[in-house]
1. In whole Hz and in residue order, list the ³J(HN,Hα) couplings for the range 88-95 that follow from phi through the Karplus curve 6.51 cos²θ - 1.76 cosθ + 1.60, θ = phi - 60°; x for Gly and Pro.
2. Between Val214 and Asp245, what is the FRET efficiency for a Förster distance of 30 Å, r being their Cβ-Cβ separation, to the nearest 0.05?
3. Roll a 1.4 Å probe over the protein heavy atoms and report the accessible area of Val200 in Å², nearest 10.
4. So, taking all protein chains as they sit and a 1.4 Å probe, how much accessible area belongs to Thr85, in Å² rounded to tens?
5. Take the solvent-accessible surface of the protein heavy atoms, probe 1.4 Å, and return the percent of it on the range 98-183 that carbon and sulfur atoms account for.
6. With labels modelled as points extended 7 Å from the Cα through the Cβ direction, what inter-label distance (nm, one decimal) is found for Phe34 paired with Glu12?
7. For the residue pair Ile95 and Cys153, what label-to-label distance in nm results when each label sits 7 Å from Cα along the Cα-to-beta-carbon direction?
8. Report the accessible area of Arg127, computed with a 1.4 Å probe over the heavy atoms of all protein chains in place, in Å² rounded to the nearest 10.
Amino acid sequence: MYNNNYVEFKKERDLGAIISDTFKFLRLQWKPFFGVIIKNALLPLLVTIGASIFFMYKMFGLFDALDPYSSTYQENEFSSGFFFTMMLFMALFSIITYVIMNITALYYIKSYIDNKGVIDYEMIKERVKDKFWSFTGLGILTILIVLVSAMLCFFPAIYTGVVLTLAAPILVFENRDVTDTISYSFSFFKGGHWWPTFGVMIVVGIIVNVISYVFSMPAIIYYFIKMGTVLTNDDPSMMLESFQDPIYITLNVVSYIGQFALYSVTFITNVFLYFDIDEQKNASGALDKIDSLGV
């Protein structure tokens, strides 16, 4: 019997079906899906947000100290060491958050598929611990390969970037090691699968960016309202003070969390893309259905 509340991953899909089923999966699974992601990635996410808030406050103090009209004006050089240290710190924890979210999302979907909608939360927790360095290594290798490709020519960087986007689903669903995943990713796309995948990624990227602007819009609107107040009062120092405004900071935090949540859309889309290509090449979903009929 067909279950309208279960999303079948292992089948071929066109662009419209991939996008619609991605949002169908989120609509049906958003509470447990985001719940387990937040549970696993909460600590590095909070550290990243906290570091961003601290950076805003500290940067205001540095600029204020360089303002000749400020009461705290000092004849000192801009602290480039602090700036780059904070940027590196925030980048590091952003990467950690992204990796944990990616592992959690992919193994959530794997549990969903393997158990027909039933989620094994303990398995996901264990995989976050076991696979963290594998996913990190995969990410580092992917970046290095794309950078080398970019040095050779622009198009090879695009080609390798698209190919390696599906490396994480391959790592999870085919249980390969990192180096084998990288090499297999290129053979996986043989047979004319690159252009359709590229097209889906472009459309999904546009959709995600448009939605991300929705999260960013309140902070942008509030900032321009503050800018109007600055221009009215003819007080340039108020422009810097706006970065310490609790309302502005809160709106930016909401925007930041929303944009991180939107990463899940690309994670899910990549899984649908992986199974679409896998079904065309290997018909694994059809074979699974045949095997289940014989049980």
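The values are calculated or read from the model by the stated rules, or taken from the named source; none is laboratory data. Note that the structure is predicted; figures quoted are calculated from it, not measured. Quick reminder, even Gly has a Cβ in these numbers, built from the backbone with ideal geometry, and neighbours come from all protein chains shown. With ligands, DNA and RNA removed, areas are computed over all heavy atoms of the protein, side chains included. Shrake-Rupley method; radii C 1.70, N 1.55, O 1.52, S 1.80 Å.
1. With the stated coefficients, the range 88-95 comes to 5, 4, 5, 5, 4, 6, 5, 5 Hz.
2. Details: r = 21 Å, r/R0 = 0.71.
Working from the Cβ atoms, E equals 0.90.
3. 10
4. So the heavy atoms of Thr85 present about 90 Å² to solvent.
5. Its accessible area is 65 percent carbon and sulfur atoms.
6. 3.5
7. In this crude label model, Ile95 to Cys153 measures out at 3.0 nm.
8. Per-residue accessible area (Arg127): approximately 80 Å².
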